[in-house]
Each structure stands twice: as C-alpha cells, then as structure tokens.
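First the structure, in the form of structure tokens, and then the observations on it.
Nothing in this text is a laboratory measurement; each read-out follows from the coordinates by a stated rule. As the structure is a computational prediction, the values presented were derived from the model and not from experiment. Note: ideal-geometry Cβ built from the backbone for every residue, glycine included; neighbour counts use all protein chains shown.
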C-alpha cells in the first residue's frame, strides 16, 4: 500500500499539486487519470523519488519515503519496478542484458540462475526469441513488454507505469493493460498507472484518482466512473467522439 | 551567478560520481566498454594526425634552418621536444575533446532525454557513479597510452619525412632525437595528459548529465562539452606550464 498524504508541489510560482491525499491499494491496479498538465506525471515522479514534495508525506506501508534522504530512498527504490513512457531501455544492451541488469546490480545469483529468471519473465510477457536483439531492432509494443519484464525481474512490491500504452495500437495497448493487471494480481503488487486512455480506465481501473488542475477532483473505480455527475470528469471521460456515441447509446 | 551555479552543479556531480561503485563487477564491465569506446576507437585518428604532424614539424624545421651554424640534428631535437612538450599532450587532447567529449555528452544526454538515467535512479543506482566514473577512469588510464603512442609516431613521422625528402640524413635526425634529453619533459607531458583527460571526461559527462529537452538540446550539450573542454584544456595548459616549467 502507498499512502499519499496532503502533498503539494510547485515549480517556481506554479503550483502543480495541491494538497493531494490518496491511497494506492495493494494487489490492485490504481490509476491516476487526468488531462495533460493536470499533474499526473509530477505525482508519479514524487512517488518514485525523482522529485521531492514541498509539503506532505508519501508512505510505503508504514515507512515515510518522502522523509528519507537520497541514500535511504534507494532501499525502497530497489523494491520498485518502473515502466517509463518510452520504455527507457538501455540502447547499448540487448533485451536479455536489459532484463538482467537489475539482477546484476542487486543479486548474487549465478549467470545460469539469472538467465533462467530472464527467460521466465520474458516468457511471462510473451516475448520469446528476442533475447539477443537490441531495443532499436524491436517494435514499440515489444519495447514496453521488455520494460515490464525488466521492471518485474526483481519481483518488486510496487509497480509504476507511466502511460504504458501510449503510442501503441489499440490491440497491443489492450494486451499491455491485461498483462499489467495479471502481473499485479499474480505478484500482489501495488500498481500505480498514469494514463489518459479511457480503454485502460474501463478495462483495469480497480481504483481511480482523477486529477484536475493539480487537485484530486474525484476518486472511485471503473464501475462508477461512467455514472458520475462530476462535470469535469465527464468532460474528460466523454471527450472523444467514440465515448460520446457509446454514452448516447 | 549562472557560472557559480554551474560550478556548484559540476562539483556536486563529481562528488556523486566519485563514490564507491555499487558493484565492482559491473563497474569493471563498464570500464572495459569505455576503454574500447573512448580509447581504442581513437587510435586511428591519433595515429594519422601524429604521424603527419611529426613529418610537418620536421620539414618546417629543416626549411627554417638557414644558418650553417645551427646543426641539422636540431630537426630531430625540435621534433621530439614539440611532440613531447606540446603537440601530443595538448593538441591531441584537444582533438580527443572533440571526438571523445562529444561522444560522452551525446551518449549521456540521450540517456537523460529518453529517461534511461531516471530508470537507473529509480532502480536505486547512483547514475553519476555508474555512468561518469568509468568514463573518467578509462580516459585517465587510456589517454596517457595514446599520448605516448602519439609522441612515438610523431617522431617516427619526422624521421620518415627526412628519409623521403632527403632534407637530413636518418643518422643525424636520430642523433637529434637523442640529444639534450630531459626526462622531466615526459613527466610534464603525463601530468598535463592526466589533467586534460579528467577535464574531457568530467566536463562532457556533466554537460550530458544535465541536458533538458530533446535532440536539439543534446546536440547543443555536445557542442558545449567540446567548447568548454577545449577552453579549459588551454587554460590549464597555461597554468600547468607556469607551475611545472618555471
């Protein structure tokens, strides 16, 4: 469980996050949604320790992560898996080396054990026979899957995904969403997903936080999001022609 | 004010970089890769430039010796001195600032804009230590080797030029090379090389590490890395020369 407690964050004069409190639950896919510029990415960056909060606390279980120094934060960061928007795979490494990287850094496993773990996670993300390929040689969907494999290779307690299906076709996007949802259940991770894709919201939104102009505007789940009378949320949810038509029908 | 901020950020980055590596085996692997990228891959350009420059220095010396009172062995002596004292440590370092410096800045800068550095950080890895320390170490170990190689090739280039043009005999040239040798000049060249190697790798690493934006900014950082490294090399050349030779 991750608890965000009254956090605020500003850049110069601009306040990006305003007194946000929310609980990301264990074993669930927790979604942060909102328009571009609403503060989703900043909130996630605060949660993973790439940005410091100005006010408030971020607690991982009972541990106050935001109170820690950089060095202390590293201990908790080793329990995190992060999927970045572009994958953030290391260009000079092969797929296998990318997935093996956290194992090389933080375990004392033998090469055989590491290879076995790499093959297991690659199989889990349905990526076989790509071990020796470089990131530049594989498709966008495959890059995301390798990034997921790398993120889960150390069996993390927390998984953060920043717009996991951006730039992907709807079919592949759905597969990625399903994969993240299944892995969350399988490893009982606290998964936090940053998205503005309504398909993801409907498909895997077990707990949803809607941010609007840096504030937590609404929270709920996929079952109630389409029935809400929150004006700003409805504007966001039914912003495309497709969702408007579905709503009319 | 901005320059003070930049110096502060540079010192902070170096402080982060010079920490004990998270894992020795991974550090050694990175170091080997950087030996290849920053050192071995520069042998070609260093060889060509040193060979030709040595030849040019020798020919120019030969044409400028008008007086019969100046012995012809001065050609060999001057070529050796110029290669050891200035050309190899300074000019080759400037060339490496262009080749290696831009490569370091663009590699690290691209890693920054594609979130690879963020990925390292959230894995609990010190990115400055993981990325910059092996490059500084590789440069400081490999550059002296390149500079010695450059000195030898430059002197050889001069000898080859004398042989082809007939401006001086081989024996006289070699006698000149062996004359009035002061071993301290090699120490002086090595000290300069080490300082310049540190400047090239650290300044370029710093410029790449703090890139913000996209490909245009990466290109700009790469150019700045070369410009800043080159200026610092010349400034430190003057300082070290004043300190060591006077």
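Some observations on this one:
- Calculated Rg and Dmax of region B:120-246 using C-alpha coordinates, Å: 20.0, 65
- Theoretical FRET efficiency, 1/(1+(r/R0)^6), r = Cβ-Cβ of residue B:241 and residue A:232, R0 56 Å, to 0.05: 0.25
- Against chain A, whose longest principal axis comes from its Cα atoms, helix A:111-124 is set at around 40 degrees.
- FRET efficiency for the pair residue B:99 and residue A:186, taken as 1/(1 + (r/R0)^6) with r the Cβ-Cβ distance and R0 = 60 Å, rounds to 0.80.
- The alpha-carbon atoms of region B:2-245, seen along their principal axes, cover 71, 36, 33 angstrom, with the largest extent given first.
- Rounded D (µm²/s) - region A:109-249, Kirkwood Rh over Cα pairs, Stokes-Einstein at 10 °C, 1.306 mPa s: 94
- For region A:2-248, the mean projected area of the C-alpha convex hull, equal to one quarter of the hull surface, is 14.0 nm².
- Cα-based helix-to-principal-axis angle, B:102-113 vs chain B, degrees rounded to 10: 10
- C-alpha center-to-center spacing [region A:26-61, region B:45-78] in angstrom: 67
- Calculated SAXS-style log₁₀ I(q)/I(0) at q = 0.14, 0.20 Å⁻¹ - region B:62-127, Debye, Cα scatterers: -0.64, -0.85
- Rule-of-thumb Rg ratio for region A:29-94 [Cα; 2.2 N^0.38 Å; N residues]: 1.26
- Length released on extending from residue A:178 to residue A:25, taking residue separation times 0.36 nm less the Cα-Cα span: 53.3 nm
- Kirkwood Rh in Å, taken over the protein assembly as shown so that all alpha-carbon pairs contribute: 25.9
- Here region B:118-188 was treated as a single set of alpha-carbon atoms; its pair distances binned every 5 Å from 0 give 3, 13, 13, 14, 12, 10, 7, 7, 6, 5, 4, 4, 2, 0 percent.
- Acute angle (nearest 10 degrees) that the helix B:215-245 long axis makes with the longest principal axis of chain B, alpha-carbon atoms: 50
- Each part gets one Cα centre, and for region A:101-175 versus region B:164-185 those centres are 62 Å apart.
- Residue among B:120, B:153, B:131 with the largest mean-square fluctuation in a Gaussian network model of chain B, springs linking Cα atoms under 10 Å: B:120
- Chain B: most fluctuating residue of B:199, B:174, B:108 per GNM, C-alpha cutoff 10 Å: B:174
- At 0.890 mPa s and 25 °C, Stokes D of region A:169-249 from Kirkwood alpha-carbon radius, µm² per second: 179
- Take every pair of alpha-carbon atoms less than 8 Å apart whose residues are at least six positions apart; their mean separation over the length of chain B yields a relative contact order of 35 percent.
- For chain B, built as a Gaussian network whose Cα springs stay under 10 Å, the top-fluctuating residue of B:206, B:181, B:142: B:181
- 222 nm mean residue ellipticity, helices alone, for chain A (DSSP H n ≥ 4; -39,500 (n - 2.57); rounded to 500): -11500 deg cm²/dmol
- Mean Cα-pair separation over length for chain A, i.e. relative contact order, pairs under 8 Å, 6 or more apart, %: 27
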